[in-house]
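Have a look at the structure below before the remarks.
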Amino acid sequence: MCIFPVLVFLGVFLCAPHQCLECPSGCECFAVTRTVKCVSKALLSVPRNIPGYARTVVIAGNNIHHIGPDSFTELENVTNIVLSNNRITEMASHTFSALVNLRFLDLSGNQLALIHPEALRIPGSPLQELNLSRSLHNFTALTDLTTALRWGGLGGLLRLDLSGNHLALLPPGMFSHLPNLQQLFLANNSLVAVYGGTFSGMNHLEVLDVTRNAFRTFRADALQELEKLGNVRILLGNNPYACTCDIRDFVSWLNKTKARVDVEAVRCSSPSRLTDIQLRGLSVQAIGCVVPVLAEVADLTLQTSYVFLGLVLGFVGMVFLFVLYLNRKGMKKWIIEMRDACRDVLEGYHYRYEIDSDPRLGHVSAGSSRAQRHLALSQQLPSDTCIVQVPTDTQVKQVTTSPPVNL
């Protein structure tokens with residue numbers, strides 16, 4: 001008999017009459033914890049008349065497909081909203097603009113296909129944590145989210161969760177407008193590479209989680225991008241790393257990086273002989289990179305040969321110049337003689353050209369040529385040979401004189 005009055009008193013104390021009457025239909029309101037819960041009630045929209053004392057609103061497991069600025073009115077005191085697993089597909093512009101004190105927003109487990117560029121804009125940028133895990137329906141949603149992060153005025157955001165969205169790539173500069181972001185979770189996606197500029201502008205990042213993706217290695221540009229993050233906690237484990245020669249740069253980076261990496265979880269997935277072997281400390285011989293090492297040695301030898309050849313050629317050139325210097329007088333004399341000889345030859349050609357080009361001197365040239373031939377022939381024949389000239393031609397006859405006969 002005494003228990004019933006006690007329960008009534010506690011009910012009146014914990015739930016004031018006006019507060020109990022303000023609780024939306026199908027929801028549970030807790031004045032002490034300032035919490036309102038509307039879980040798995042098949043709601044089609046965000047409930048109205050949420051008590052003004054509420055600081056945390058949990059609306060999960062319903063069928064709310066669209067949310068906009070009229071969904072959250074007169075909730076300026078709310079700091080935490082959970083909208084997970086509601087099958088939300090569209091977020092209109094300024095959806096949360098009335099929640100001026102919102103610190104935590106959970107949109108996980110939805111099917112977002114259309115996100116307005118200013119859907120996340122809130123005056124004063126109070127939002128600090130945003131959970132979008134398992135919420136992006138397709139690649140178009142990723143593009144919309146990139147724009148929303150840029151125009152959302154989320155300068156105060158500290159934690160962003162994009163896990164489980166089947167992301168295959170991250171647009172360069174996607175997080176550049178989140179200058180104060182400290183924790184970024186990209187686990188359980190399908191990322192295969194990190195490109196230059198992916199993490200640009202993230203100067204305050206403390207934790208980066210890319211576990212359980214599809215990374216097989218990290219190339220040079222990706223390693224440079226990770227190195228720019230500085231002394232941060234980077235979770236790289238549980239990826240299907242292929243421990244072949246292509247991974248040697250990644251292994252070298254693991255051995256010297258200043259970042260705090262979960263090296264114990266970074267293990268080989270293939271080939272079979274290296275399965276479950278830690279990448280840190282793995283030798284180039286173990287991953288089959290002997291040939292590139294020999295190639296580097298051969299390249300160094302070739303460079304050394306080129307240097308030696310250059311020195312030899314330089315020495316030979318110096319000796320040649322020294323010999324020329326010692327024989328400078330003889331060289332000068334030889335050059336003068338060659339110049340005079342060339343001048344005589346050119347003067348002869350010039351004189352011959354003047355004679356041949358003047359018609360008046362043609363007979364002189366012909367006569368001179370004939371006289372020259374006659375003179376040359378007379379010089380070649382014996383002394384007892386006479387030359388008889390006939391009108392048409394010149395015939396040469398050799399007359400042999402016999403000694404006189406004595407009678």
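The values are calculated or read from the model by the stated rules, or taken from the named source; none is laboratory data. Note that the structure is a prediction, hence the values are computed from the model and not measured. Using ideal geometry, Cβ is built from the backbone for each residue, glycine included, and neighbour counts are taken over all protein chains shown. Each accessible area value is taken on the protein alone, full model and side chains, heavy atoms only, with ligands, DNA and RNA left out. Shrake-Rupley method; radii C 1.70, N 1.55, O 1.52, S 1.80 Å.
Residues with beta-carbon under 14 Å from that of residue 93, excluding residue 93: net charge, scoring Lys, Arg +1 and Asp, Glu -1?
Residues close to residue 93 contribute a combined charge of -3.
Using θ = phi - 60° and the Karplus form 6.51 cos²θ - 1.76 cosθ + 1.60, what ³J(HN,Hα) does each residue of segment 335-346 get, whole Hz, x for Gly and Pro?
Values, residue by residue: 5, 5, 4, 4, 5, 5, 5, 5, 5, 4, 4, 5 Hz.
Decide, for segment 63-172, between rounded, prolate and oblate: order the square roots of the alpha carbon gyration tensor eigenvalues as a ≥ b ≥ c, take rounded if a/c falls under 1.5, and otherwise choose prolate if a/b is larger than b/c, else oblate.
prolate
Can you give me the distance in nm between label points at residue 192 and residue 329, each placed 7 Å from the Cα along the Cα-to-Cβ direction?
For the pair residue 192/residue 329, the computed spacing is 8.2 nm.
Quick check: pseudo-label points 7 Å beyond the Cα along Cα→Cβ at residue 339 and residue 228, how many nm apart are they?
6.7
Could you tell me what percent of the accessible area of segment 29-287 is made up of carbon and sulfur, with a 1.4 Å probe and every protein chain present?
Summing carbon and sulfur atoms, their accessible area is 49 percent of the total for segment 29-287.
In vacuum, with every alpha carbon of segment 23-98 counted as one equal point scatterer, what does the Debye formula give for log10 I(q)/I(0) at q = 0.17, 0.18 Å⁻¹? Two decimals, please.
-0.58, -0.66
Could you check the simple spin-label distance between residue 207 and residue 300, using points 7 Å along Cα→Cβ, in nm with one decimal?
Taking the simple label geometry, residue 207 and residue 300 are separated by 4.4 nm.
In whole Hz, what ³J(HN,Hα) sequence does segment 89-104 give by Karplus (6.51, -1.76, 1.60; θ = phi - 60°), x for Gly and Pro?
10, 9, 10, 7, 5, 6, 4, 10, 5, 7, 8, 6, 10, 5, 10, 10
Quick one: net charge around residue 104, please, counting Lys, Arg +1 and Asp, Glu -1 for every other residue with C-beta under 10 Å from its C-beta.
Taking every other residue near residue 104 into account, the sum is 0.
Rounded to the nearest angstrom and ordered from largest down, what semi-axes does the equivalent ellipsoid of segment 29-287 get from its C-alpha gyration tensor (root of 5λ)?
Ellipsoid semi-axes (Å, largest first): 39, 18, 16.
Pop the C-beta distance of residue 166 and residue 252 into the FRET formula with R0 = 41 Å and round what comes out to the nearest 0.05.
Efficiency computed from Cβ-Cβ geometry: 0.85.
Which ³J(HN,Hα) values, rounded to whole Hz and listed in residue order, are derived for segment 49-59 from phi using the Karplus coefficients 6.51, -1.76 and 1.60 in 6.51 cos²θ - 1.76 cosθ + 1.60 with θ = phi - 60°, glycine and proline given as x?
Karplus-based 3J(HN,Hα) across segment 49-59 equals 6, 5, x, x, 6, 5, 10, 10, 10, 10, 10 Hz.
Can you give the relative contact order of segment 231-278 as a percent, counting alpha carbon pairs under 8 Å and 6+ residues apart?
That works out to 48 percent.
At a temperature of 20 °C and a viscosity of 1.002 mPa s, determine how fast segment 136-277 diffuses translationally according to Stokes-Einstein, using the Kirkwood radius over alpha-carbon pairs as Rh; express D in µm²/s, rounded to the nearest whole number.
Taking Rh from Cα pairs, D becomes 138 µm²/s.
Could you tell me the relative contact order of segment 29-287? Use alpha-carbon pairs under 8 Å, at least six residues apart, and round to a whole percent.
Relative CO of segment 29-287 lands at 10 percent.
With a sphere of radius 10 Å drawn around the Cβ of residue 153, what net charge do the other residues whose Cβ falls strictly inside it have (Lys, Arg +1; Asp, Glu -1)?
Net charge around residue 153: +1.
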